[in-house]
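Contents: one structure, followed by commentary.
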Amino acid sequence: MSSADTFEPKVIAFVCNWCTYLGADLAGTSRLEYPHNLRIIRLPCTGRIDFNLIIKAFENGADSVLVSGCHPGDCHYTSGNFHARRRWILFRELLEALGIDSQRIHFSWISAAEGTKFQKFIKEIVEKTKALGPYNEMKEIVRQANT
Amino acid sequence: MPQQEKLQQKAKEILLEKKADVVIGYGKVETGNIGAVFITDPERTGELVWNNLCTTNLSVYLKRKEIKKLGKPCIIVKGCDAKALAVLEIENQIDRSAMTVIGVECFGVQDRCEPQYKCASCNVQLPPHCDFVIERDTKQSAPQGSRYEKLEMLDNMDSKERFEYWKQELSRCIKCYACRQNCPMCYCDVCVVDKNRPIRIDTSATLKGNFAWNILRAFHLAGRCVGCGACSAACPAGIDLDLLNLTLAKASEENFGYIAGVQRNVEPLVGTFSPDDKEEFIR
């Protein structure tokens, strides 16, 4: 068996407390099974998701990052996700220019009622990350810093 | 009359009329180079210098506590620096009614004997948003270059090559934070890298820390950077930080039609939103 077959990616999900976290909860209570590679970090709102957190996740060994929150118009704080969306549009361009793999950063809107969407999307991300393999470029940088 | 003399005269007038307590301008500094001088005595306005070596963006001094102590400022700006004032005003960092702005018509400045990159696409030879503008007697036509020309180099690379390029560049960063100190937009009292409870980013001068810092610095300027090039000029390692700023400036212009520093009566780009922002990358 090659290492590609046994590679279990680490996927960090930054989710909002009000929609995606409850969507994940619904997936759980509905017994919808999704890959165990996911580590969920709950934050109050997508507007709280600092871009540094995404960088930090990669520094700490993430192979993919998911950022997810309420659908536009559904934000618990009225406009947090709109603000976040504008930031991500710009942030993606910056990562693109730096050559950081944008295929490893996923964004989605998943509501509290979308347990199935959550399950499907996580499956998709994990499969995609498995195909991409470990994020060695970033891991190499971190290894250098720690030695 | 030469522009420099006109400038000195105006500065003297302003100090004598007590419209300002201190003139922040260019002059000879101890090293023999042209740098910032702070003139409070009307008789000393003859020390003010204006030529193509006046690269510094003086608006960076407005935020400094020791300069604020000198009283009401009168600042001398080039077109590019005037844009920085506009952004500072939008962000409520300066009170334009309590200061005087003298703009000087500028046909390009030099940095290490070479004309600065920004000057090739300058569209503010005559500074906007000023109280007074000191014009030149002889005129020059505006340069025709494109602001984003330099980005072609990055566009021609694929993602891997870009990462390699930045690894090479950022490995030279020594974390001196000169880019931050010289940036007129970095006005926080305590910068987030200097906060250590909790530690937000890695402060070591390793590639990991350098990536984290340069991403942070660039992204905190998203939709705010006016492209004065002070960061690149200040970098002792010669990293072209402007590339990252330009990337974000281009993204702001393409996605939101927003160019920082052009208008004085708009909301900051990041800090507002539109329900119609594009979202094809969000699932």
Practice task
In a Gaussian network model over chain B where Cα atoms closer than 10 Å are linked, find which of B:Ala36, B:Ala249, B:Ala237 has the largest mean-square fluctuation.
Solution key: B:Ala237
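So what's the convex hull volume per residue for the Cα atoms of the range B:1-158, in Å³?
142 Å³
May I ask you to rank B:Tyr177, A:Tyr21, A:Tyr135 by accessible area, largest first, using a 1.4 Å probe over the protein chains only? Working shown, then result.
Numbers: B:Tyr177 35, A:Tyr21 70, A:Tyr135 5 Å².
Result of the area sort, largest leading: A:Tyr21, B:Tyr177, A:Tyr135.
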Fill in the blank from the handout: Everything considered on the Cα gyration tensor (a ≥ b ≥ c; rounded for a/c under 1.5, else prolate if a/b is larger than b/c, else oblate), the range B:149-256 must be described as oblate
Practice task
Please compute P(r) over all alpha-carbon pairs of the range A:9-138, binned at 10 Å starting from zero, and give each bin as a whole-number percent.
Solution key: 13, 45, 35, 6, 0
Fill in the blank from the handout: Within the protein assembly as shown, the percent of DSSP beta bridges that are antiparallel, given to the nearest 5, stands at 25 percent
Exercise for the section: Ignoring everything but the protein chains, give the 1.4 Å probe accessible area of A:Phe51 in square angstrom, nearest 10. Expected result: 20 Å²
Problem - More than 20 angstrom apart: percent of Cα pairs within the range B:176-231 - result: 22 percent
Exercise for the section: Report the far tail of the P(r) of the protein assembly as shown, meaning the percent of Cα-Cα pairs longer than 35 Å. Expected result: 37 percent
Exercise for the section: Would you kindly find the accessible area of B:Glu149, with a 1.4 Å probe and non-protein molecules such as ligands, DNA and RNA excluded, rounding to the nearest 10 Å²? Expected result: 100 Å²
Exercise for the section: Two decimals is fine: what's Rg over Rh for chain B, C-alpha atoms, Kirkwood radius as Rh? Expected result: 0.97
Exercise for the section: Note down the nm distance, to one decimal, between modelled labels 7 Å out along Cα→Cβ at A:Arg42 and at B:Asn265. Expected result: 4.7 nm
Handout entry: Sequence of B:Val37, B:Val101 from largest to smallest accessible area, 1.4 Å probe
Key = B:Val37, B:Val101
Handout entry: the protein assembly as shown, accessible surface, carbon-and-sulfur percent (1.4 angstrom probe)
Key = 49 percent
Handout entry: Interface residues in the range A:91-110 - accessible area drops by 10 Å² or more relative to the isolated chain, probe 1.4 Å
Key = A:Phe91, A:Arg92, A:Glu93, A:Leu94, A:Glu96, A:Ala97, A:Leu98, A:Gly99, A:Ile100, A:Phe107, A:Ser108, A:Trp109
Fill in the blank from the handout: Ordering B:Tyr258, B:Tyr26 by the accessible surface of their heavy atoms, 1.4 Å probe, largest first, yields B:Tyr258, B:Tyr26
Exercise for the section: Round to the nearest 10 and report in Å² the accessible area of A:Thr29, as given by a 1.4 Å probe over the protein chains' heavy atoms. Expected result: 100 Å²
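The values are calculated or read from the model by the stated rules, or taken from the named source; none is laboratory data. These numbers were taken from a predicted model, which means no experiment stands behind them. Cβ atoms come from the backbone with ideal geometry, glycine included; neighbour counts cover every protein chain shown. Just so you know, the surface numbers come from the protein's heavy atoms only, side chains and all, with ligands and any DNA or RNA stripped out. Shrake-Rupley method; radii C 1.70, N 1.55, O 1.52, S 1.80 Å.
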